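The structure under discussion appears below in the form of structure tokens.
The values are calculated or read from the model by the stated rules, or taken from the named source; none is laboratory data. What you are looking at is a predicted structure, and each value in this text was computed from that prediction instead of being measured. Cβ sites come from the backbone with ideal geometry, for glycine too, and all protein chains shown count toward neighbours.
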Amino acid sequence: MNKGKILSRSIWVFHFCSGSCNNCDIEILDALTPRFDLERFGIKLVGSIKHADCMLVTGMINKKGATRLKFLYDIAPKPLAVVAIGACACSGGIFEPSYYTYGPVDKIIPVDAYIPGCPARPEALIDGIVKVVKKLST
Amino acid sequence: MILFYYLVFPGFLATFILGGIASWIERKLTARIQARVGPPFLQPFYDIRKLFIKEVTIPENSVRSIFMASPIISFASVSIVATIVGLNLVNPNYSFNGDLIVCVYLLLIPSLCLILGSGAAGNPLSSIGASREMKLVLSYELAFWTCLAVPMIKTNEIRLISLMEFQAQNGAIASSLSGIIAFIITIICMQAKLGKVPFDIPEAETELAGGAYIEYSGPLLGFFKITQYMMLVILPVFLLQIFWGPINSWVSILKYLVLLVVIILLENTNPRLKIKQAVKTLWFGLFPVAVVSIILAVLGL
């Protein structure tokens, strides 16, 4: 059995936010509520990057956030999947021409999946995570 | 033979599987209480399997040996308790005088290992977790030991098998007044020992981000998880043997499930206490009541 398949049965997600307007973060929490219930798939929100298998990144990445994002990615135990959530994290969004943007996320660390939307809906989040799972298990 | 007992049947493997099932019941019931669907049946085992293929990261400024050793020691000591408690049910020939006290001491070791390991991790949040765990141990151990004195006084025995024989003849200890008081207090202390919600202060997912466990990853975290699963079986069974015996029929499984549901309901209906409130409740609220139950036991009630 390959590692990805084992990983895909129990994904613990860690949530990183840098310079987001907080809408995507609320949608992430929405996906964990009874209505959508991600625990059905073994997905759990954890508080420490050391426990995580998947990092959800939201927001255009600003100067302070960029170094911390890089640091978190470096200390995380691998294998680790990175998911960029929302228009800002995927492409910079409306902050793209701003002087303080150091993003998007894939400029700093490798990204496995992009979930666009402003904010991304919980359905889109679930779809994105399912795709990450599929990618991991092949 | 001893090695078989330790590793396979009443010891590690059987308790681990039962603990995984208990943990699934806990998560499923929690999900149902919150009107969710809940995880699939094998989820606890998927989690463990995943943790064992992850990378181990060791923080730069940690004390490496203590950091690595403490999860394994806590897991090993819990397996010993599982063997002792389980052998009382399976093969009473192996029981020895004073195993009750040995069990309580060994059940303390996971907490001590957590304090050592998280203190050695070199992370401020983890140190706060360690200090909270230390205060929590100090506060619940007092009430716990005081309550355990009640069955010892009632039976004049410190041997689990004799306690169960006594209860087979005279009815459960929890059916007397002092017994039921002590039993209720030990259930609350058990919640603290398991690190469940009103007393999950050292872990504190929302404020300390995992607290004492914050720096642990991969297999090391896996050993702590296995310890937690096994504790979820051992502690209730241990208390059943002491207070609500005898355990020899299928009814005892029902008794265990009742205790498990009590744990889950306490977990789901309570907010987390502050460490100050926890120490206050356990020392000034529950400890005097426990002393009263000892006095009642001496009077023969």
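Okay, residues lined up against (1) among the charged types (D, E, K, R); (2) within 14 Å of chain A (Cβ to nearest Cβ); (3) within 17 Å of the chain's Cα centre (by Cα):
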position: B:Gly119; (1), (2), (3): no, no, no
position: B:Gly122; (1), (2), (3): no, yes, no
position: B:Ile128; (1), (2), (3): no, yes, no
position: B:Trp145; (1), (2), (3): no, no, yes
position: B:Gln167; (1), (2), (3): no, no, no
*Mind counting the residues in segment B:41-57 that are surrounded by fewer than 17 Cβ atoms within 10 Å (Cβ to Cβ) and either more than 17 Å from B:Leu232 (Cα to Cα) or within 11 Å of chain A (Cβ to nearest Cβ) (or both)?*
6
*asked:* Any residue at all in segment B:253-265 that's at pLDDT below 90 and not hydrophobic (A, V, I, L, M, F, W, C)?
replied: yes
*Within the set of pairs 6+ apart or on separate chains, which have a first residue in segment A:1-28 that is within 14 Å of another protein chain (Cβ to nearest Cβ) and part of a strand (DSSP E or B), a second that is surrounded by fewer than 17 Cβ atoms within 10 Å (Cβ to Cβ) and at pLDDT 85 or above, and C-beta atoms under 7 Å apart?*
none
*Working only within segment B:169-188, note down all residues that are in contact with a Leu (Cβ under 8 Å, 6 or more places away or on another chain) and either outside any helix (DSSP H, G or I) or within 14 Å of chain A (Cβ to nearest Cβ) (or both).*
B:Ser176
*Output the number of the condition that B:Tyr105 fails; it satisfies all remaining conditions of (1) out of contact with any helix residue (DSSP H, G or I) (no Cβ under 8 Å at 6 or more places or on another chain); (2) within 24 Å of B:Phe287 (Cβ to Cβ); (3) touching a residue at least 12 places away in the same chain (Cβ under 8 Å).*
(3)
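In segment B:191-207, which residue that is of a type in the set (A, V, I, L, M, F, W, C) and buried (at least 24 other Cβ atoms within 10 Å of the Cβ) is farthest from A:Trp12 (Cα to Cα)?
Step by step, filter segment B:191-207, then rank; the result is B:Ala192.
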_Odd one out for A:Glu96 among (1) buried (at least 17 other Cβ atoms within 10 Å of the Cβ); (2) more than 13 Å from the chain's Cα centre (by Cα); (3) modelled with pLDDT under 85; (4) away from chain B (no Cβ under 14 Å)_ = (1)
*Only one residue in A:Lys78, A:Lys64 is surrounded by fewer than 16 Cβ atoms within 10 Å (Cβ to Cβ) and away from every other protein chain (no Cβ under 14 Å), so which one is that?*
A:Lys64
*Provide a single number: the residues in segment B:189-224 that are of a type in the set (A, V, I, L, M), modelled with pLDDT of 80 or more and either in contact with a Phe, Trp or Tyr (Cβ under 7 Å, 6 or more places away or on another chain) or assigned to a loop (DSSP other than H, G, I, E, B) (or both).*
3
*Does segment B:208-230 include one or more residues that are away from chain A (no Cβ under 14 Å) and among the polar types (S, T, N, Q)?*
yes
*Restricting attention to segment A:41-53, does a residue exist that is away from chain B (no Cβ under 14 Å) and crowded, with 21+ Cβ neighbours inside 10 Å?*
no
*asked:* Out of everything in segment B:58-90 that is in a helix (DSSP H, G or I) and of a type in the set (Ser, Thr, Tyr), what residue ends up being farthest from the other protein chains (Cβ to nearest Cβ)?
replied: B:Thr83
*asked:* Out of the residues in segment B:240-259 meeting the condition of being assigned to a helix (DSSP H, G or I) and out of contact with any helix residue (DSSP H, G or I) (no Cβ under 6 Å at 6 or more places or on another chain), tell me which one is nearest to the other protein chains (Cβ to nearest Cβ).
replied: B:Leu257
